[in-house]
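These notes concern the structure reproduced below.
Just so it is clear, none of the values below were taken in a lab; they were calculated from the coordinates. Just so we're clear, the structure is a prediction, and the values are computed from it rather than from any experiment. Ideal geometry is used to build each Cβ from the backbone, glycine not excepted, and the neighbour counts take in all protein chains shown.
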Amino acid sequence: MGNKIRNLFLTTNTNCNLRCIYCYEKKDKTVFFNVKEAEEKLAKALSVKTEGSTIIDLHGGEPFLVFDRIKELCEWCWAQNFAEHYVFFATTNGTKVHGEIKDWLLEHKDRFIAGLSLDGTREMQNMNRSNSFDQIDIDFFAQTWPGQSVKMTVSPISINTLADGVIFLHSKGIHNIQVNLAYMVNWRDPKFAKIYQRELRKLGQFYLKHPDLPLDAIYRLPLKLLILPEARQRKFCGCGTEMVAVDIDGREYPCHLFFESVGGKEKSEGWHDIDFSDPKQYISEECSKCLLYPTCPTCYGANYLERGDIGARDMSLCTLEKIRTLEVARFQYERIVNSKDDPDSLSKEELAERINTLEAIQKVEPLLKQIAQEVEAS
């Protein structure tokens with residue numbers, strides 16, 4: 001497959017068997033996708049070869065509540081001879097992946113990938129996601145798709161054990177860990193700053209003791225972007241450009257957060273004047289002046305849902321993202337400076353990566369010192 005990835009989101013159903021505390025979806029009614037309409041949409045999209053490949057993201061609700069429909073759609077597609085390279089993907093809470101569903105996924109694991117959402121330890125998962133930990137066969141996901149990421153969402157009530165959650169997932173053989181702070185929840189309490197710093201420092205010490213483990217998403221912060229001028233107009237996802245999301249009624253949107261089932265009718269119809277390719281639309285004036293902008297993630301859909309503007313970030317996350325940069329910079333500096341690697345043994349790319357990281361840390365050092373002082377004083 002090529003390097004360019006096109007994302008096609010297809011809503012399979014609006015119902016879910018869990019009630020996660022940070023869920024953003026409206027569940028006023030249960031609706032299922034029409035298989036024939038989905039076939040028509042995919043036939044049109046997949047009949048033309050792109051420069052790379054396509055991921056067909058089956059999005060719920062919990063998709064495997066409508067397994068029979070998904071099975072019918074996938075097996076119809078596989079029977080065709082489409083020009084495009086593609087793979088099916090579904091994000092799942094894992095509670096329904098047993099028996100027939102598990103057997104079918106195992107048979108088709110090379111062309112259908114199931115991405116698990118698992119919020120860490122048993123305690124963390126149960127407090128966030130409806131006491132569902134013991135309903136999930138974690139080993140099945142880790143062994144069937146060993147390189148696939150697992151999504152670990154951190155909520156205000158699970159942040160106290162963030163590091164334990166990541167360490168637990170590593171212990172289960174899951175090493176592509178996509179940790180993120182929940183969007184559209186309240187992070188304004190000042191206590192979260194010190195808790196987050198404590199947990200990140202604990203996690204950093206763990207990674208220093210286990211240098212062979214892949215870093216989780218929090219620690220995979222590309223600090224070298226801070227010295228690249230072009231990164232100041234960086235777009236953080238393909239929303240509205242490389243991504244197309246198809247709702248249950250067949251309408252197309254910039255991403256699934258623009259669906260009527262998520263934001264309501266008015267929101268779902270109000271985005272058409274947004275130019276998603278224009279940096280002025282997705283970079284606020286306030287954030288554009290920040291030294292850390294190139295590495296500070298955001299969700300354009302969440303921004304639009306909450307504030308009606310894809311560039312208007314949740315500024316309650318600002319302090320937490322600064323703390324993340326501070327702790328990752330400390331970790332990267334310690335790992336590079338104390339490395340026992342012979343510089344002559346490093347590739348040109350590895351050496352450049354270390355040099356650029358150190359230059360980036362030096363560039364923002366005054367800001368990092370200020371952040372550390374603010375957290376200490378809070």
Among D103, D273, D119, residue whose mean-square fluctuation peaks in a GNM of the chain (springs only between Cα atoms under 10 Å): D273
Sites matching GluC sites (Glu not before Pro) across the range 258-312 that sit in DSSP coil, with at most 15 neighbouring C-beta atoms within 10 Å: none
Helix axis angle, 191-209 relative to the chain longest principal axis, alpha carbon, degrees: 90
Rounded to 10°, Cα long-axis angle of helix 162-171 versus longest principal axis of the chain: 70
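Report, in debye and to the nearest 20, how large the dipole of the range 261-315 comes out about its Cα centre when Lys and Arg carry +1 and Asp and Glu carry -1 on their Cβ.
140
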L351-K36 FRET efficiency (beta carbon distance; Förster radius 56 Å; 0.05 resolution): 0.50
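Calculate, for K4 and E359, the FRET efficiency according to 1/(1 + (r/R0)^6) with r their C-beta to C-beta distance and R0 22 Å; round to the nearest 0.05.
The calculated FRET efficiency here is 0.15.
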Full-extension gain in nm, S53 to I157, via 0.36 nm per residue minus C-alpha separation: 33.6 nm
Unsatisfied cross-links (Cα-Cα over 24 Å) in the set K4/K44; K4/K289; K4/K151; K4/K224; K191/K363: K4/K289; K191/K363
Helical contribution to [θ] at 222 nm, DSSP H n ≥ 4, -39,500 (n - 2.57), averaged over the chain, rounded to 500: -12000 deg cm²/dmol
Three semi-axes of the equivalent ellipsoid, the range 12-80, Cα gyration tensor, whole Å, largest first: 26, 14, 10
Karplus (6.51, -1.76, 1.60) ³J(HN,Hα), θ = phi - 60°, over the range 64-72, in Hz, Gly and Pro reported as x: 6, 6, 10, 4, 4, 5, 4, 4, 4
Sequence of V150, V166 once ranked by neighbouring C-beta atoms within 10 Å, starting from the fewest: V150, V166
Low-density loop cleavage sites - trypsin sites (Lys or Arg not before Pro) in the range 271-378, where at most 15 other Cβ are within 10 Å (DSSP): K289, K340
Relative frequency of Cα-Cα separations exceeding 21 Å in the range 157-240, percent: 43
Fraction of antiparallel bridges per DSSP, the chain only, in percent to nearest 5: 10
For the range 269-315, the Rg and Dmax computed from alpha carbons only, in angstrom: 10.5, 35
Top positive-direction residue, dipole computed over the chain with Cβ charges, set F112, T295, Q197: Q197
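Express in nm, to one decimal, how much length is gained between E334 and T144 on full extension, taking 0.36 nm for each residue of separation and deducting their alpha carbon distance.
The span from E334 to T144 would gain 64.9 nm if fully extended.
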Largest to smallest principal axis extent of the C-alpha atoms in the range 1-159, angstrom: 46, 36, 30
Two-decimal ratio, the range 205-252, of alpha-carbon radius of gyration to 2.2 N^0.38 Å: 1.84
Equivalent ellipsoid dimensions for the range 257-373 as semi-axes, Å, which come from the Cα gyration tensor, largest first: 37, 16, 13
Ellipsoid equivalent to the range 125-283 - semi-axes via the Cα gyration tensor, in Å: 31, 22, 18
The range 245-297 pair-distance distribution - Cα-Cα, 10 Å bins, rounded %: 22, 38, 29, 11, 0
Kirkwood hydrodynamic radius (C-alpha pairs) into Stokes-Einstein, the chain, 37 °C and 0.692 mPa s, D in µm²/s: 147
Inter-centroid distance (Cα atoms) of the range 4-62 relative to the range 90-116, Å: 16
Percent of Cα pairs exceeding the 16 Å cut-off, where the set is the range 98-181: 50
Those trypsin sites (Lys or Arg not before Pro) in the range 13-91 that DSSP places in a loop and that have at most 10 other beta carbons within 10 Å: R19, K29
Long-range amide H partners of R6 with built H, under 5 Å: S53, T54, I55
